[in-house]
Every structure is written in C-alpha cells, then in structure tokens.
Amino acid sequence: MSGPVYALNLFNVADRGEYLAYSRRSAKEVQAHDGKVVALGKFREAAAGEIKPRGVLILVEWKSKAAFDGYCSDPKIADLHPHREKGASDYIWHLFDKLEDLRPILK
C-alpha cells in the first residue's frame, strides 16, 4: 500500500537529558523528511486491553513508508537516533497505513 503512514510511538522516558537531546532536533528532522507530529500525549489510564502502560504517546504522519525509512536511515542524522534509544525505554514503534475509513479492513 502506498501513501501516508502513521508511526505510533509509545514509551517511557528513561533518561530525560538524552530524550531532550533527541527532541530538540527531531521535530525539525521529522519535518525535513516529510513527517508531521499529529499528536502528543501523556498516559492517563488504561481503558481496555492488556498492554503494559507507557508514559508517552507520539503519533507521526509520514508522507510515505519511504519517507519514514529515509528518516531512520539518513546518515546525516545517524547521531540523532542514539539519543532516542538511550532516552526511552519500553519502546513500541508501530506503523499503520492511513485509511479514510475502515471498509478495506472490514471486507
């Protein structure tokens, strides 16, 4: 499937300084790689399901899977990603295809 994808990031902050070093640069780099942060959240409560809660949610819309891959593999920002890896724990990073409605799933 081509087109936009959402990257769902759920994590806990493990090292505030490291994550701040990542976040100071990441917003600009995400935008430069055709991504846009569409939601930020702080965990409130578990409403349903059995998943270990994470303290932080970030939802990023990428123009395409290729744009996401470009962000992850761009050698010019290779020094950026270790800050995220050291600054976060219990990291979940899932990609979802953008849908206009659920009909493709409900067929």
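All of the numbers you see were taken from the coordinates with simple rules; none came from a lab. Not measured: the values here are computed from a predicted model. Neighbour counts are summed over all protein chains in view; Cβ atoms, including those assigned to glycine, are modelled from backbone coordinates with ideal geometry.
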Checklist entry - When the range 30-79 is examined, which residues are found to be among the acidic types (Asp, Glu), under 14 Å from TRP93 (Cα atoms) and surrounded by 15 or more Cβ atoms within 10 Å (Cβ to Cβ)? => result GLU61
Checklist entry - Before we move on, is ARG44 under 25 Å from ALA14 (Cβ atoms) and outside any helix (DSSP H, G or I)? => result yes
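Select from the range 1-41 the residues that are in a loop (DSSP other than H, G, I, E, B) and either without any contact (Cβ under 8 Å) to a residue 24 or more places away in the chain or not hydroxyl-bearing (Ser, Thr, Tyr) (or both) and write down the one among them that is farthest from HIS83 (Cα to Cα). Explain how you work it out, then say what you get.
From the range 1-41, those in a loop (DSSP other than H, G, I, E, B) are 1-4, 14-15, 33-34; that's our starting set.
With the extra rule that they be either without any contact (Cβ under 8 Å) to a residue 24 or more places away in the chain or not hydroxyl-bearing (Ser, Thr, Tyr) (or both), the set shrinks to 1, 3-4, 14-15, 33-34.
Values: MET1: 31, GLY3: 29, PRO4: 26, ALA14: 11, ASP15: 9, HIS33: 18, ASP34: 21 Å.
Residue satisfying both the conditions and the ranking: MET1.
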Checklist entry - Restricting attention to the range 53-84, which residues are under 21 Å from TYR6 (Cα atoms), part of a loop (DSSP other than H, G, I, E, B) and without any contact (Cβ under 8 Å) to a residue 60 or more places away in the chain? => result PRO53, ARG54, GLY55, LYS63, ASP74, LEU80
